[in-house]
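The values are calculated or read from the model by the stated rules, or taken from the named source; none is laboratory data. Just so it is clear, the structure is predicted and the values come from calculations on it, not from any experiment. Note: ideal-geometry Cβ built from the backbone for every residue, glycine included; neighbour counts use all protein chains shown. Accessible surface areas use protein heavy atoms only, side chains included; no ligands, DNA or RNA. Shrake-Rupley method; radii C 1.70, N 1.55, O 1.52, S 1.80 Å.
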Amino acid sequence: MKGKLYVFSGPAGVGKGTILKNAITKLPGMKFSVSCTTRAPRPGIDREGETYYFISEDEFRRRIDAAEFLEYADVHGHLYGTLRQTVESALNEGSDIVLEIDVQGAKLVKEKMPEAVTIFVKPPSMEELIRRLKGRGSESAAEQALRIRNAEEELSHADEYDHVLVNDVLDRAVSDFINIVTEHREEKA
Ligand code: 5GP
């Protein structure tokens, strides 16, 4: 039986990565899709081939031309793309796979693969999102300001998703994510 595709989005700083890391360890048979990006690795946070494949813009463009991406988008001034091969091989071997991608990418994936389950995570408030973004200290002030500006636009797409979570308490957001996947697995069984 083929695996199921999950798409997870939310504004920068909302805690997508932390929710996913915690949820995936408790969901056997769920893989994380490692995307390609042209942004620079964050020292101490990013690991080549684990968080992303870090490639040059020329290499990214070559892969676009070679139709290697299921979707790609310009997010906060850098290119990000999901490798078609990563998704297809997971689904064909019967694994579920989750894409952590932005709202533009999510829309493209849902158009191509309407059976994908889309999940959006919101912050408890805009003030809290700004506090978290500033607190993580992984971006410059200009990069933070850009992410705050983009957050409003991203939040306006929440109701296009199949499921919406709020990351107020991390454990609750993680269990909400796990419950959504479990319900879909039970539906399929
Ligand atoms: P970050 O650079 O902070 O890891 O990610 C920035 C944004 O790019 C996040 O909203 C993340 O979900 C999104 N993103 C990461 N990988 C992909 C991808 O492959 N495709 C698209 N469309 N967005 C992505």
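General observations
- Hey, T82 assigned to a strand (DSSP E or B) and closer than 21 Å to Y161 by Cα or not: yes
- The residue that is nearest to E154 (Cα to Cα), counting only those in the range 61-75 that are open to solvent by 80 Å² or more (accessible area, probe 1.4 Å) and not in a helix (DSSP H, G or I), is D74.
- The range 172-181, residues that are touching a residue at least 24 places away in the same chain (Cβ under 8 Å) and over 10 Å from V117 (Cβ atoms): A173, V174, F177, I178
- Candidate set from the range 127-141 (those that are surrounded by fewer than 18 Cβ atoms within 10 Å (Cβ to Cβ) and closer than 19 Å to S156 by Cβ); member that is nearest to the ligand (Cβ to nearest atom): I130
- Screening M1 with (1) in contact (Cβ under 8 Å) with a residue 40 or more places away in the chain; (2) open to solvent by 60 Å² or more (accessible area, probe 1.4 Å); (3) touching a strand residue (DSSP E or B) at 6+ places or on another chain (Cβ under 6 Å); (4) not small (G, A, S) gives one miss only, at (3).
- When D102, D96 are screened for being under 22 Å from K4 (Cβ atoms), more than 15 Å from the ligand (Cβ to nearest atom) and surrounded by 18 or more Cβ atoms within 10 Å (Cβ to Cβ), only D96 passes.
- Of P114, P124, all but one fail to be open to solvent by 30 Å² or more (accessible area, probe 1.4 Å), more than 13 Å from the ligand (Cβ to nearest atom), outside any helix (DSSP H, G or I) and farther than 19 Å from P11 by Cα; the exception is P114.
- Filtered by the rule that a residue be out of contact with any strand residue (DSSP E or B) (no Cβ under 8 Å at 6 or more places or on another chain) and acidic (D, E), the range 170-189 gives D171, E183, E186, E187.
- Search result, residues across the range 164-177 that are within 17 Å of the chain's Cα centre (by Cα), surrounded by fewer than 18 Cβ atoms within 10 Å (Cβ to Cβ) and more than 18 Å from R131 (Cα to Cα): V164
- In the range 76-91, residue farthest from the ligand (Cβ to nearest atom) [restricted to those that are within 13 Å of A40 (Cα to Cα) and surrounded by 14 or more Cβ atoms within 10 Å (Cβ to Cβ)]: L79
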